[in-house]
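**Student:** Please find one structure pasted underneath; my questions will follow.
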Amino acid sequence: MSAELVVVTGGTGFVGSHCIVRLLDAGYRVRTTLRSLARADEVRALVRAGGADPAGLEYAQTDLLHDDGWRDAVAGATFVLHVASPFPVRQPKDPDELIAPARDGSLRVLRAARDAHVRRVVLTSSFAAVGYSSRPDRPFTEDDWTDPDDPGLSPYVRSKAVAERAAWDFVDREGGDLELSVVNPVGIFGPALGTDLSSSVELLLALLKGSVPAVPRGQTSGVDVRDVADLHVRAMTHPDAAGERFLAVSGEPITYPDLARLLRDRLGEDARRVPRLVIPDWLVRVGASVNAELRAVLPELSRSRRASSEKARRMLGWQPRSRDEAIIASAESLVRLGLV
Ligand code: NAP
């Protein structure tokens, strides 16, 4: 019997390319969707850099903003990993630039998957859909939800909260036999396979290049992209994962000053430009009125990002690398790619 076919949306992306590598390694047939087939060579190079053989990889041209092509893209698939969604460094003025592809794109994928009798879709959501509206006195779990109507959300955070809600609603109301499982990662690090970087890795590059003179006292959580890909595959195949969401997080959050220190300690000379100065909170607050980057870190000053991966470990046997290992693997890949 030939291997089952898995469709991965967004093969050009950081998470998408690692999911392809993981699936090929596990012996699946893989088809990936791209906005332009002209980027197929690039995807092949990413997959090769990840240590897998892209020879059998198939490609389909689709855009989350358009209906064309989705039916053919998922035809014959047993599973779909819907990973693609815009994740820009800078937030657009019009939130719809992110919400439309995130929400309507997810619905296009789910509708096509249902019609093609795909068994299960795994949606790459985010911690953004979990932990931005409440501040519980405990680590966040899968029971927590960001309120998509919360007026304080950035366009990206809103896009992920809206898209995940819309996906569950679709499957509840009109999904038929289609199963849905959701992965909610925190900040994803780990090795970049090419130079078109995800926003999470861009942050490390900015520190390594010394593009920012100082770091704020906010914090981020971390998980390795290889473990995020592994969690997608576990969520795809485990019988109990249908109808469930899984936080993908490794350990405790890290403050930006500690992150800068970790890079200096572990990368030596390659981290010589990483800033040593810490921006005082009052300056972040003042600067936030004129600077979009500072505005983005403002909520981080007072928010705890602790989140629990207990569910994925218990139900799916997921065992992620440490947060620091993920961060260092990212930084080392940037050095290797000649970007630092
Ligand atoms: P990425 O490297 O920027 O990849 C984003 C992917 O989405 C790219 O393949 C991109 O295609 C595709 N895409 C964007 N707009 C599209 C559209 N209109 N139609 C079709 N494809 C489109 O980012 P990533 O880190 O891999 O993110 C992948 C997923 O993980 C996203 O759903 C993101 O929200 C989620 N996530 C990421 C993080 C993180 O820290 N990185 C954390 C939590 C969740 P092009 O190459 O053509 O632009």
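The values are calculated or read from the model by the stated rules, or taken from the named source; none is laboratory data. These numbers come from a predicted model, not from an experiment. With ligands, DNA and RNA removed, areas are computed over all heavy atoms of the protein, side chains included. Shrake-Rupley method; radii C 1.70, N 1.55, O 1.52, S 1.80 Å.
**Student:** Roll a 1.4 angstrom probe over the protein heavy atoms and tell me the percent of accessible area of region 155-307 that is carbon or sulfur.
**Tutor:** 49
**Student:** Report the full-extension gain for the segment THR195 to ARG119: residue separation times 0.36 nm, less the Cα-Cα distance, to one decimal in nm.
**Tutor:** 23.9 nm
**Student:** Enter the Cα centre distance for the pair region 210-244 and region 125-142, rounded to the nearest angstrom.
**Tutor:** What the calculation gives is 14 Å, centre to centre.
**Student:** Rounded to the nearest 10 degrees, what's the angle between the helix 14-25 long axis and the longest principal axis of the chain, both from Cα atoms, 0 to 90?
**Tutor:** The answer is roughly 50 degrees.
**Student:** Given the -39500 (n - 2.57) contribution per DSSP H run of 4+ residues, what per-residue ellipticity at 222 nm results for the chain, rounded to the nearest 500 deg cm²/dmol?
**Tutor:** One gets -11500 deg cm²/dmol as the mean residue ellipticity at 222 nm.
**Student:** Nearest 10 degrees, 0 to 90: what angle lies between the long axis of helix 105-115 and the longest principal axis of the chain (Cα atoms)?
**Tutor:** Tilt relative to the chain: about 20 degrees.
**Student:** Cut-off under 22 Å on the C-alpha distance; same-chain residues fewer than 8 positions from LYS93 excluded. Which lysines are left, in chain and number order?
**Tutor:** Candidates past the 8-residue exclusion: LYS160.
**Student:** Can I ask one more? Quick check: the angle from helix 199-208's long axis to the longest principal axis of the chain, C-alpha only, nearest 10 degrees?
**Tutor:** Once rounded, one gets 30 degrees.
**Student:** Further question: What number, in nm² with one decimal, is the all-direction average of the projected area of the convex hull of the alpha-carbon atoms of region 249-340?
**Tutor:** 7.7
**Student:** Using a probe radius of 1.4 Å on heavy atoms only, what accessible surface per residue do you get for the chain? Whole Å² is fine.
**Tutor:** That works out to 44 Å² per residue.
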